[in-house]
Structures are given as C-alpha cells and as structure tokens.
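Right, one structure below, let's go through it.
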Amino acid sequence: MIISIVGGTGNLGKGLAVRLALAGYNVVIGSRVDEKAKAKAEEYCKLCGCKIEGLSNEKAIEVCDVAILTIPWENALDFVKEHRKVLSKKIVVSPIVPMVKENGFVYNPPNGSMAESIANILGDKVVSSFQNVPAKRFSNLNEIPEFDVIVCGDNEDAKAVVMEIVNSIERLRALDGGPLSNSRIVESFTPFLISLALRNGMKELGLRFV
Ligand code: NAP
C-alpha cells in the first residue's frame, strides 16, 4: 500500500512519514515544490533508515492508495477542490484542525467540521484521524508515542484501513470514533489541549483514554 502525505514536509508530515515507513508502508511525501519534497524525503530516510520518496503533491496523490492531507486548514478546501477528480478515488485522511488564535486557541470549523467539508467535496471515503497527535513529540523517534488516535468516518471499509494504519505505529491505539460527524468533537479538542497545556505549564499534550 502506498501512503502519500500531502504537505509531508511540515511538522505532522515528518512524524507520519518516518513512523509509517518504519511500520513497513511505502511512503511518499508531497510538497508544492518538487525539490523540497526530494530534499525532505532524503532527510527523513536518514532519520529512520527506511525508503521514503519525495514528489510534487500532484504526483504524490496520483500514485497513492491513501492520501493524508497535512496542509494548513486555510488552504485545504482549495487543494481538495482542485484535485477532486484524483482524490475522490482514494481514501483521504484529514488530520486537519481549523483553528484561530484569539485570546487563546479557538476552534473555527468552516461548516460542521473540516473533515465533513472535505467529504462534501470528495465523497464518503474521507476519514478523520490524527488531529490530537502533538507533531513535535510524534516526530521525535526517541519518544514512544503512547497516544490514542480517534478515527471517524462514514465508510466502514475506509475507516478500517485507516485504523489498521494507525495501529501499525508502535504504541498508537486507534479508537473507532463513529461517523464523520463526530469529527467536529475530535477537531475541537486540539485547541482545547493547546490552551490546557499553556494554562498549566505543560507542552505538546496528547490523549490517552484509561
Ligand atoms: P505546517 O508544518 O505549518 O505545514 C505543513 C505543510 O503544508 C508545509 O510544509 C507546506 O509544504 C504545506 N503548505 C503550506 N502552505 C500551503 C498552501 N498554501 N497550500 C498547500 N500546502 C501548503 O503544518 P503542520 O503543523 O504539519 O500541520 C499540518 C496539518 O495537520 C494542519 O492542518 C494541522 O491542523 C494538522 N495538525 C497539526 C498538528 C501539529 O501538532 N502540528 C497536530 C495535529 C494536526 P510545502 O511548502 O512543502 O508545500
């Protein structure tokens, strides 16, 4: 299975790329700039000792089975609209958190939730996941990520594929979060976690249900 990470040159993309490559997946990282994707792929390969390919975002989504969109929320709907034809054939994972900084961090969904807005364009193979994973800790391979990852979606087959991907990463635990409409709850948790950390002198909080 090929997993492409759109905008995989960024904070969350790095952790996903190296950990999914270590789990045995064929990983491609995408960028708006081909050379940047190639340079970052080389850097990530050195970090984890696995093969990771760097391509333009356009090529990355063409070659994959699963596309994870790790791009800023402000640009995500334009990207999805532009690439609707290709992306609607794939399983598309949204880890995207629409958030603004206004007296702390505030959840700011375009319409219901980011994942639902994407599904309105692409159809039911959109799955929401990874929103509550703190990227810097996740990309540090010296840390074992003991996080729960909630997975929401309306297509049970697509959701099962994404849960398997999550569970393939050592110590992550996928939890079935129900339909895609529950993504608004999961997305809204991230600004709360950031504000909670700031108020309590903590950093990069993740979730674990016990
Ligand atoms: P980031 O590092 O700021 O950006 C990720 C990548 O997005 C960049 O490397 C860039 O890649 C690409 N990008 C920037 N502007 C773009 C545009 N106008 N159009 C298309 N691509 C653009 O972001 P991040 O922190 O990794 O977060 C990525 C997504 O994951 C966000 O939606 C965020 O809400 C979500 N998320 C983040 C975290 C976290 O802890 N950071 C945790 C959970 C979820 P190129 O320049 O190479 O194209």
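Karplus-based coupling profile of the stretch 11-26, in residue order and whole Hz: 4, 6, x, 4, x, 5, 4, 6, 6, 6, 5, 5, 7, x, 7, 7, with θ = phi - 60° in 6.51 cos²θ - 1.76 cosθ + 1.60 and x standing for Gly or Pro.
Where a ≥ b ≥ c are the square roots of the eigenvalues of the C-alpha gyration tensor, would you call the stretch 69-133 rounded, which needs a/c under 1.5, or, failing that, prolate if a/b is larger than b/c, or oblate? Because a/c hits 1.5 or more and a/b exceeds b/c, the stretch 69-133 counts as prolate.
Each Lys and Arg adds +1 at its Cβ and each Asp and Glu adds -1 at its Cβ; summed about the Cα centre, the chain shows a dipole of about 420 debye. Ranking 13, 49, 61 by how far each Cα lies toward the positive end of the dipole of the chain (charges on Cβ) leaves 49 at the top. Within straight-line reach of residue 101, meaning a Cα separation under 18 Å, sit the following aspartates and glutamates at least 8 residues removed in sequence or on another chain: 74, 187, 204.
Residue ranges 152-162, 75-85 sort as 152-162, 75-85 when ordered by packing (mean number of other C-beta atoms within 10 Å per residue, highest first). Each principal axis of the Cα atoms in the chain has its own extent, and those three values, largest first, are 39, 39, 31 angstrom.
Database remark: amide H of residue 54 closer than 5 angstrom to the amide H of 29 (H placed geometrically; neighbours at sequence offset of 5 or more, or on other chains; Pro and chain starts carry no H).
Considering only alpha-carbon pairs that sit under 8 angstrom and 6 or more positions apart, the relative contact order computed for the stretch 2-199 is 19 percent.
In order along the stretch 104-110, the Karplus-derived 3J(HN,Hα) couplings, from 6.51 cos²θ - 1.76 cosθ + 1.60 at θ = phi - 60°, round to x, 9, 10, 6, 9, x, x Hz, and Gly and Pro are given as x.
Shown in residue order for the stretch 53-70 are the 3J(HN,Hα) couplings computed by the Karplus curve 6.51 cos²θ - 1.76 cosθ + 1.60 at θ = phi - 60°: 9, x, 9, 5, 3, 4, 5, 4, 6, 4, 7, 9, 9, 10, 10, 9, 9, 9 Hz (x for Gly and Pro). Shape call for the stretch 28-112 from the C-alpha gyration tensor, a ≥ b ≥ c root eigenvalues: rounded (a/c under 1.5), prolate (a/b greater than b/c) or oblate? It comes out oblate by the Cα gyration axes.
Which percent, to the nearest 5, of DSSP beta bridges fully inside the chain are antiparallel?
20
Values quoted throughout were computed directly from the atomic coordinates according to the rules given, and no laboratory measurement underlies them. As the structure is a computational prediction, the values presented were derived from the model and not from experiment. Here Cβ is always computed from backbone atoms with ideal geometry, including for glycine, and neighbour counts include all displayed protein chains.
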